[in-house]
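> The structure follows.
Nothing in this text is a laboratory measurement; each read-out follows from the coordinates by a stated rule. Because the structure is a prediction, the values reported are computed rather than measured. For neighbour counting, all protein chains shown are included, and Cβ atoms are generated from backbone atoms with ideal geometry for every residue, glycine included.
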Ligand SMILES: C[S@@+](CC[C@H](N)C(=O)[O-])C[C@H]1O[C@@H](n2cnc3c(N)ncnc32)[C@H](O)[C@@H]1O
């Protein structure tokens with residue numbers, strides 16, 4: 001039996017460093033509990049939890065994001081999804097996160113192609129979203145669409161929420177720990193973009209669990225085709241095999257899309 005004060009104490013120590021303070025405590029608490037359960041304590045427990053947080057979140061930031069500066073820039077930006085100025089702002093912001101940065105060269109083609117079978121889309125659940133909601137301008141959406149986004153970084157979600165509010169989008173954001181709980185909000189489509197490999201570093205069965213439980217008619221799942229360090233290492237074949245193995249036995253419709261920087265599957269339940 002693990003004492004609650006021990007967990008809370010570890011959570012506090014982990015989040016005392018600015019790099020981890022904006023992460024939802026739900027996730028830090030779960031990882032802290034696991035570290036203590038494995039017999040870790042003191043500095044080694046703090047290091048263990050911080051390493052994991054870096055692996056699943058921190059490693060994707062290409063630089064420290066100055067959110068107040070981003071918000072100031074947003075305020076000066078056009079309030080129209082079709083505006084070049086707004087799209088330039090969005091592309092610049094997406095360039096700050098490795099995952100959206102590597103989607104930039106294929107952005108238009110990616111969403112047009114993957115969403116074409118169900119376009120125009122009326123509701124999206126963007127799980128482990130990163131800065132991907134800033135790609136809304138490039139998605140084939142119905143007028144009055146709704147968008148719900150979640151991730152572990154509360155400061156990033158606050159920028160995404162301000163973006164929704166600035167444009168009058170019917171959008172909401174929520175800090176979540178997808179390994180601890182699956183969102184129950186229904187949607188026409190859920191995005192699980194390049195997140196399964198990341199979540200599997202904490203729970204190896206999370207992929208199929210999410211695919212089964214997410215309340216959406218369609219799920220757009222994708223995988224990276226190279227590592228954060230830029231190496232290919234046979235990743236497309238590896239993730240394709242992994243995905244088909246994960247969904248084996250399921251009577252789901254699957255459409256595969258291959259892009260220069262991403263491998264995607266549209267799952268229809
Ligand atoms: C590879 S990035 C993908 C981001 C975005 N989906 C995209 O394609 O650009 C993985 C994302 O998962 C988020 N993440 C990691 N662990 C998570 C968890 N337990 N619950 C929710 N999000 C998580 C990270 O913060 C990061 O934004």
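> For each of 33, 12, count neighbouring Cβ atoms within 10 Å of the residue's Cβ, then give the residues from fewest to most.
By the 10 Å Cβ count, ascending, the order reads 12, 33.
> Could you work out the relative contact order of the chain? I mean the mean sequence separation of Cα pairs under 8 Å and 6+ apart, divided by the number of residues, in percent.
Taking the mean separation of contacting Cα pairs over the length of the chain, I get 15 percent.
> So what is the relative contact order for region 112-269, in percent, with contacts set as C-alpha pairs under 8 Å and at least six apart?
Result for region 112-269 is 20 percent.
> Treating each Cα of region 14-134 as an identical point scatterer and ignoring solvent, apply the Debye formula and state log10 I(q)/I(0) at q = 0.19, 0.23 Å⁻¹.
The computed values of log10 I(q)/I(0) come out as -1.10, -1.35.
> Follow-up question, since we're still on this one. Please report, in whole Å³, the volume per residue of the convex hull around the C-alpha atoms of region 4-56.
66 Å³
> What order do you get for 184, 172, 146 when you list them from fewest to most C-beta neighbours inside 10 Å?
Listed from fewest to most nearby Cβ atoms, that is 184, 172, 146.
> Please label the shape of the chain as rounded, prolate or oblate, based on the square roots a ≥ b ≥ c of the eigenvalues of the alpha-carbon gyration tensor (a/c under 1.5 means rounded; beyond that, a/b larger than b/c means prolate, else oblate).
Oblate shape, in that a/c is at least 1.5 and b/c is the bigger or equal ratio.
> Grab the beta carbon distance between residue 51 and residue 269, set R0 = 30 Å, and tell me the FRET efficiency rounded to 0.05.
The pair residue 51/residue 269 has a calculated efficiency of 0.25.
> So, in Å, what gap is there between the alpha-carbon centers of region 223-269 and region 58-122?
So the two Cα centres are separated by 23 Å.
> Here's a follow-up. Which value at 222 nm does the chain reach when only helices count, each DSSP H run of 4 or more adding -39,500 (n - 2.57), with the total divided by all residues and rounded to the nearest 500 deg cm²/dmol?
Roughly -12500 deg cm²/dmol at 222 nm, from the helical runs in the chain.
> Rg (Å, one decimal) plus Dmax (Å, integer) for the alpha carbons of region 174-223?
When restricted to the Cα atoms of region 174-223, Rg and Dmax are 10.3, 28 Å.
> Classify region 93-225 as rounded, prolate or oblate, taking a ≥ b ≥ c as the square roots of the eigenvalues of its Cα gyration tensor: rounded when a/c is under 1.5, otherwise prolate if a/b is larger than b/c and oblate if not.
Judged from the Cα gyration tensor, region 93-225 comes out rounded (a/c under 1.5).
> While we're here: Order by neighbour count: 258, 268, fewest other Cβ atoms within 10 Å first, most last.
258, 268
> Highest mean first, how do 130-138, 80-88, 162-170 rank when packing is the count of other Cβ atoms within 10 Å averaged over residues?
So the order, starting with the most tightly packed, is 130-138, 162-170, 80-88.
> Another one. Grab the Cα-Cα distance for residue 16 and residue 69, subtract it from 0.36 nm times how many residues apart they are, and report the gain in nm with one decimal.
Contour length minus Cα-Cα distance gives 16.8 nm.
> When the label point is put 7 Å from the Cα of residue 92 along its Cα-to-beta-carbon vector, which residues of region 29-66 have a backbone N closer than 16 Å?
63-66
> For a quick protection proxy, order the peptides 206-214, 235-243, 24-32 by their average other-Cβ count within 10 Å, most packed first.
24-32, 206-214, 235-243
> Still on this structure, I have one more. Using a cut-off of under 20 Å, list every residue of region 8-26 whose amide N is near the label point 7 Å from the Cα of residue 61 along the Cα-to-beta-carbon line.
Label zone hits: 11-26.
> Using only alpha carbon pairs under 8 Å that are at least six residues apart, calculate the relative contact order of region 4-56 and give it in whole percent.
40 percent
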